[in-house]
Each structure stands twice: as C-alpha cells, then as structure tokens.
1. Taking the stated definitions as given, is Leu354 of a type outside the set (Val, Ile, Thr) and over 26 Å from the mean Cα position of the chain (by Cα)?
2. With respect to Lys151, is the statement that it is open to solvent by 10 Å² or more (accessible area, probe 1.4 Å), within 14 Å of the ligand (Cβ to nearest atom) and basic (Lys, Arg) true?
3. If I go through segment 270-289 residue by residue, how many of them are assigned to a helix (DSSP H, G or I), modelled with pLDDT of 90 or more and either of a type in the set (Gly, Ala, Ser) or open to solvent by 10 Å² or more (accessible area, probe 1.4 Å) (or both)?
4. Is it the case, given these coordinates, that Leu225 is more than 29 Å from Leu305 (Cβ to Cβ), free of Cβ contacts under 8 Å to residues at least 40 places away in the same chain and out of contact with any Phe, Trp or Tyr (no Cβ under 9 Å at 6 or more places or on another chain)?
5. Which one is surrounded by the fewest Cβ atoms within 10 Å (Cβ to Cβ) among residues in segment 290-308 that are under 20 Å from Leu354 (Cα atoms) and either free of Cβ contacts under 8 Å to residues at least 40 places away in the same chain or β-branched (Val, Ile, Thr) (or both)?
6. Can you tell me how many residues in segment 117-138 are within 16 Å of the ligand (Cβ to nearest atom) and surrounded by fewer than 24 Cβ atoms within 10 Å (Cβ to Cβ)?
7. Condition check: open to solvent by less than 40 Å² (accessible area, probe 1.4 Å) and either within 16 Å of the ligand (Cβ to nearest atom) or touching a helix residue (DSSP H, G or I) at 6+ places or on another chain (Cβ under 9 Å) (or both). Does Ile201 satisfy that?
Amino acid sequence: MSVESTIRAAVARSATVAEVVVGAGVMAGAGALFRRQFGDGPAWIIADEASWAAAGDRLEAGLAAAGIPLRRHVMPARPRPKPTVELANRLRDMLATDGSTPVALGSGVINDVVKHAAFSLDRPYLCVATAASMDGYTSAGAPLSDRGFKKTIQCRPARAVLGDLDVIAGAPPAMTGWGYGDLAGKVPAGADWIIADALGIEAIDDVAWPMVQQGLRSWLADPALVAKGDRGAVEGLFSGLTLVGLAMEAHGSSRPASGADHQIAHLWEMEDLHHLGERVSHGACVAVGCTTTLRLYDWLLSQDLTRIDPDRVASQALTLAAKTALIATTFGPGEIGARAVDETAAKHVDGAALRQRLALLAKVWPDLRARLQVQLMTAQAMRAALHAAGAPADEADIGVTHDALRTSVMAARFLRSRYTLLDLLDETGLLAEAVEAALPREGAATRQGGR
Ligand SMILES: [Zn+2]
C-alpha cells in the first residue's frame, strides 16, 4: 500500500482527523479546506514569529481566497514558546472570548498548546504544519509540562492537517533533523513493544503496529537527502510522522511511538535542558535517547538470558519500598517524584509473579532475541544515520555528559508505567551491568559499540 493510501485508510478510521492534505503548494487551498471542515469562520491563527515568517502570509492569503474572516495571535519566537499547560490555558482563555476556530500555524510546541486549548473548549482545530519536526500533528496526546512534570495529556488531534511541502522542505534543516530523530526512536520503541508482547504484558496491536513499522525503514533510508531538504525525502518523513500520530490515536496511547527512548528524552525535557543557549527540542532529545537505548540493546542481544535463575534473581530484586526510596533520592520532593512513585507502582511485580515472568523470559529468549534482531539497528548504524540527517546522536551533541547520561538512564524507567527494555534489564538484575558495559564513564573514550 502506498503511503498516501495508508494515510487515507488511517484517516478514515480516525475518530477525529477528517482530512490530511500533503503536497507542494497546497496552502493555496487552505480556505477551501477550512470551509469543508469548519464552515464560514472566523479563523484565529496562532503562531510564533518564526512560523509566521515561514508561512503566515501564504496561510492568510489561502484563507482570504475563500472569504474566511480571520484574526491572528503571533507570539515571540525567542525564547521559544514553552510547551506548558499554563500557556495552553492562556490561549484557551483568549479563544474563549469568541467562537473562532483555532488554526495552529507552526510545529511541535504551537500545535501542542493549541491542541490542548481547543480540547479544553471542545472545539475542532486546523493544524498547518511548518516543519517535519515531530509526530504530534495527528496524535491525540499533547506532551506538556504541568507544574514541571512532563506528561502526555490525552486530547483530540486536529480535525484537519495541512502540510505544504514548499513550506516544510524550506524549514530550518535542524528542525527536519528533529523529525528524523523522533521517527528514529520508533526503532527501539518497537523493540520495547516486542518485549512487552513476548512477556504477555502488552500485546502488539495489529492495526497500529504496521502503521508505524511497515514504512519506517524506508522513511529513515535517505538521511542525507532529508538534510538537504529534498522534496521526496521530506515528504516521506512528514508522511511517516503523520502516520505515527494516527497510530497513537488508533491505539489509544503513545505505545506505538514511544518507549525507553522517549522516557530518557522526557527527563531532559523536564529538566528544561539547554545547549548553546537554546532549549533542546523534543526530537533532539529523542535522537539521543534512541542511540542510548540502542547501545543497551546491542549489549542485551549479546547476553544469554536462557541461563537466568528466576529464584535467585527474584530473591535479590528491589522491593517496591526500596524503589520508592530510590525515587525519593533520585527526584527529591515534589510533583515529579510523587508521579514517579505512582507510575512505578503500576508496573511493579515481585515474588511469585516476578519469578514466573523471569521463567517465561528464559524460555522465550531465543525467539524474542530473534524478533529483536529483525527489528533493531545497531547504535553505530543509527548514529551515522542521525548525523547524516543533521540530527544529534550522542549525548555530547546536546550538552549532556557521560555521567549525566548514565544517571538519566538509571532514572528513566520510574517516569512511566510503560514496560520497556529498561524494566527488563531492571527485573533481570542486569541494569547496572548493562549501563556499565554500554555507556562510557566520564573521561573514558567514547565507545563506538556495535555487535
Ligand atoms: Zn516524540
């Protein structure tokens, strides 16, 4: 099935997304699209100075051509608007003053805050994408910080998404690199789902899985063309990100798109990680989370888990009380630690249940390992692809030290109840050993691990 027909089929199944228009010059039809999906207006365009400069005039011209009355709200681009519930609520209060249809003109942050604001008002909205920089245009979740805790809040995706390749291919190359990084994360995220499936924790969904995984290798195949802004490569990237969003909506959670790679990234996003004076974007954090996870996978695949002794390992496993204490020392007092305790408790098993899971793991390991090998790329191959796409790949690329990376990896599993590679390593008692083997300490030469 071609990517266009796959998107069409996914849109037909979507509860909210009614139309996705991707192509060169499609901005000229923005007004007609608006009329089809939202009626006569008015439209209220929400942008920042950067997205406005990229396509504001073209969007206004497109809407005006169909006689849609409009107003605009353009936020400063520097510093970049922050993805917070507070900003979403300010926009909600602004939009509540009339009956306009929100039109998000921008990429990640703009779309996420407008998505949340529109949902709060129970209004549909139009998303006009300006970069292939992340997968949230068509997804139901809005990853926003609420009093410092980054969480994915279930909302509704845009009713209509417009992606004009003339705009998207002209986005700053760094932003396209972020989208490549967000998409690259689906390689280890898929592996995490395979683990959860094999252990009977969370079955793979036959609808959402192929929406992400079937085309993934082809969307990632030409990183150098992506970096150059090649139309075909950027169209593949944007279409892939669109399908990932639809897969999350179809599945009802971000499982099809997010695993340990995103948990690591979320930690940095919550810390408001900055590098060279700029906040490090979601896709950049995910790119490094992706290679980090793949380094751990490289190590895991070299292990023989059929030799696990369930009784011995289960008897030495951390109790929930011990994990709770560890969370307190890791995160300190406050919202993040409190949430982490709940998330961790939701997936914690011990005693007989843990012994049973470990016995199952030992039994299925040869088959599971083979499935993982088909799914995964080596960290080294992914690092090369990310760099070719103009994306960061190593912790140093985003200003994270080796030691800070190791600390993040040890903490990341506490953030979400979702079962990933990190939980498998934790429950088998191998997490510290894997981190020691796969991730260098400060001062050590960077290890170009492979398998
Ligand atoms: Zn993402």
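1. yes
2. Against the criterion (open to solvent by 10 Å² or more (accessible area, probe 1.4 Å), within 14 Å of the ligand (Cβ to nearest atom) and basic (Lys, Arg)), Lys151 qualifies.
3. So the count comes out to 5.
4. yes
5. My answer is Thr306.
6. Matching residues across segment 117-138 total 0.
7. No.
Conditions (1) charged (D, E, K, R); (2) out of contact with any helix residue (DSSP H, G or I) (no Cβ under 9 Å at 6 or more places or on another chain); (3) surrounded by 13 or more Cβ atoms within 10 Å (Cβ to Cβ); (4) farther than 30 Å from Met270 by Cβ, marked per residue:
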| position | (1), (2), (3), (4) |
| --- | --- |
| Asp48 | yes, no, yes, no |
| Ser51 | no, no, yes, no |
| Leu59 | no, no, yes, yes |
| Pro83 | no, no, yes, no |
| Leu87 | no, no, yes, no |
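The values are calculated or read from the model by the stated rules, or taken from the named source; none is laboratory data. These numbers were taken from a predicted model, which means no experiment stands behind them. With ideal geometry, Cβ positions are generated from the backbone for all residues, glycine too; neighbour counts draw on all protein chains shown. Surface areas here come from the heavy atoms of the whole protein model, side chains and all, with no ligands, DNA or RNA. Shrake-Rupley method; radii C 1.70, N 1.55, O 1.52, S 1.80 Å.
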